[in-house]
1. Across the chain, where is the longest run that never hits trypsin sites (Lys or Arg not before Pro) in a DSSP loop with at most 15 other C-beta atoms within 10 Å?
2. Within the set of other residues whose C-beta is less than 10 Å from the C-beta of residue 42, count the net charge using Lys and Arg as +1 and Asp and Glu as -1.
3. Scan around residue 140 for amide H atoms under 5 Å from its own, H built in the peptide plane at 1.01 Å from N, and keep only partners 5 or more places away or cross-chain.
4. Calculate the length of the line joining the C-alpha centroid of segment 45-94 to that of segment 183-212, in whole Å.
5. Just want to confirm a number: the relative contact order over the chain, from Cα pairs under 8 angstrom separated by 6+ residues, in percent.
6. Kindly identify segment 57-102 as rounded, prolate or oblate by the Cα gyration tensor criterion: order the square roots of the eigenvalues as a ≥ b ≥ c, call it rounded if a/c is under 1.5, otherwise compare a/b with b/c, prolate if a/b is larger, else oblate.
7. Under the rule of -39500 (n - 2.57) per DSSP H run of 4 or more residues, summed and divided by the residues of the chain, what mean residue ellipticity at 222 nm is obtained, to the nearest 500 deg cm²/dmol?
8. Could you give the DSSP H helices of the chain that reach 15 angstrom or more along their long axis (alpha carbon positions) and whose average Kyte-Doolittle hydropathy is no lower than -1.0?
Amino acid sequence: MKNILTSSSVVAFRYSDGIILSSDTSLNYGSFKMNRGVEKHYFLSNNTVMIARGEYSDFQELKKICDEEMEYDEKMGTREWIRFIQRTMYYKRTRIEPLNLSIIVAGYDERNEKPAKEINSMEHFGQKLVFGAIDNIGNFYTDDVLACGIASHMALPYVRGHDAMSLDRAGATKLMKETMQTLYYRDCMADNHVKILGVERDGIWENEEIVLNGNWEDGRYF
């Protein structure tokens, strides 16, 4: 796989009323910041959203595949979208045409009946607010805190150190800003222009693009 324009880490976690997700809005050509203001999320329905890191042209291809599926079945729930994207990523891998992406899918799924047959670990995730991560070879996993990219090493311990499940939307947004600022300081591929959005029972909410301030004087003399 040859990457041309790539995006940096994405982070998502549960809070008291929903699920919050974030990414920066830049694309990198190697270590060069090529574009800003690029949206790395995509609405699959009124209450389901996916957010991605990796090769941006592969993300565009995945969005096209999802659009075609929407025309075939416009009433897919969050669990169905997770299964569909997982199987799409696995199928592309088996054709030796992998999409170099890591995806987080989150949404409010009203149909949370326990299935007669368990397909994978997702079926144990019985809440109506559902989210999970899929990697470039079709592996799926879920937790209360998810991250793709270098954020899985930097952001996960930081968010887990704060009791995110006790936070409201404002508190979760504040914690997400701190998390993305940590990535901006420590991940050379990250940017300080970030997008934050989330899913609650009444649907998807999103903030305008945020510019995080960086203080590079700290540690100058260390």
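The values are calculated or read from the model by the stated rules, or taken from the named source; none is laboratory data. Quick caveat, the model's predicted, so the values are computed rather than measured. Note: ideal-geometry Cβ built from the backbone for every residue, glycine included; neighbour counts use all protein chains shown. Surface accessibility is based on the protein's heavy atoms, side chains included, excluding ligands, DNA and RNA. Shrake-Rupley method; radii C 1.70, N 1.55, O 1.52, S 1.80 Å.
1. The answer is 129-200.
2. With Lys, Arg at +1 and Asp, Glu at -1, the net is 0.
3. none
4. 21 Å
5. On the way: 426 pairs, mean separation 62.1, N = 222.
With pairs under 8 Å counted, the relative contact order is 28 percent.
6. Details: a/c = 2.12, a/b = 1.61, b/c = 1.32.
Prolate.
7. Details: 4 runs with 62 residues, N = 222.
Calculated mean residue ellipticity at 222 nm is -9000 deg cm²/dmol.
8. On the way: long enough: 56-72 (25 Å, -1.19); 78-94 (24 Å, -1.22); 169-186 (25 Å, -0.77).
Span-like helices in the chain: 169-186.
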